[in-house]
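**Student:** Mind looking over this structure? Questions follow.
Since every read-out is calculated from the coordinates, none of them should be taken as a lab result. Being a predicted model, the structure only gives us computed values, none of them experimental. Cβ atoms come from the backbone with ideal geometry, glycine included; neighbour counts cover every protein chain shown.
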Amino acid sequence: MKSNAIRITLAAGALTLALGFSACGSSDNESDESSEATTTTTTAPANAQIVKVSMVEMAFTVDPPSAKAGNVTFDLTNDGTVTHEMVVLKTNKKAGDLPTDSSGEPSEDGALGEGEAEPGATDELSLKLASGHYALICNLPGHYAAGMYTDFNVK
Ligand SMILES: [Cu+2]
């Protein structure tokens with residue numbers, strides 16, 4: 001689990017950071033350890049495509065279901081009753097066909113990022129995505145095995 005230090009509302013991010021913010025697509029958000037809670041950090045570039053993701057037991061609803069290559073901001077909402085996460089993996093395998101370990105969980109090696117939200121809460125994940133096929137999975141114990149995954153294509 002990564003920290004949620006970069007959590008921010010979409011509206012605030014878009015309004016306050018539309019100017020002068022360009023290079024947040026890199027994957028090493030954790031490296032910015034100087035950011036305190038009072039510092040405005042953001043994730044969403046002004047030109048990011050917004051993809052709304054609803055998480056419930058045990059499924060994702062993704063709208064729109066695909067994106068164009070570039071900056072994508074996943075706007076996660078947990079509409080369920082237990083905590084869920086969304087891990088983004090770039091893979092040619094179908095989301096339901098990932099290799100799993102003895103506990104039924106896919107490896108998160110190479111994951112591009114993840115977000116997590118408690119019931120009723122939201123999270124946001126901004127990534128710069130190349131064209132290709134992605135698997136969005138919830139890798140909390142038992143959730144992938146229960147079918148909490150979906151395919152996501154970037155053109
Ligand atoms: Cu889940």
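**Student:** Rounded to two decimals, what is Rg over Rh for the stretch 51-155 when you use alpha-carbon atoms and the Kirkwood radius?
**Tutor:** Rounded to two decimals, Rg over Rh is 0.93.
**Student:** Can you put Ile137, Ile50 in order, fewest other beta carbons within 10 Å first?
**Tutor:** Ranked by crowding around the Cβ, least crowded first: Ile50, Ile137.
**Student:** Explain nothing, just compute: Karplus ³J(HN,Hα) = 6.51 cos²θ - 1.76 cosθ + 1.60, θ = phi - 60°, for every residue of the stretch 128-144 in order, whole Hz, x for Gly and Pro.
**Tutor:** In residue order, the calculated couplings are 9, 10, 7, 5, x, 9, 10, 10, 9, 10, 9, 10, 6, x, x, 6, 5 Hz.
**Student:** Remind me, relative contact order of the stretch 50-154 in percent, using alpha carbon pairs under 8 angstrom and six or more residues apart?
**Tutor:** 35 percent.
**Student:** Quote the FRET efficiency, to the nearest 0.05, computed for Lys93 versus Ala69 with a Förster distance R0 of 22 Å and r equal to the Cβ-Cβ distance. Kindly include the intermediate steps, with their values, before the conclusion.
**Tutor:** Values: r = 20 Å, r/R0 = 0.91.
With R0 = 22 Å, the Cβ-Cβ based efficiency is 0.65.
**Student:** Provide, for the stretch 50-154, the number of lysine pairs with alpha carbons under 15 Å apart, each pair being eight or more places apart or on different chains.
**Tutor:** 4
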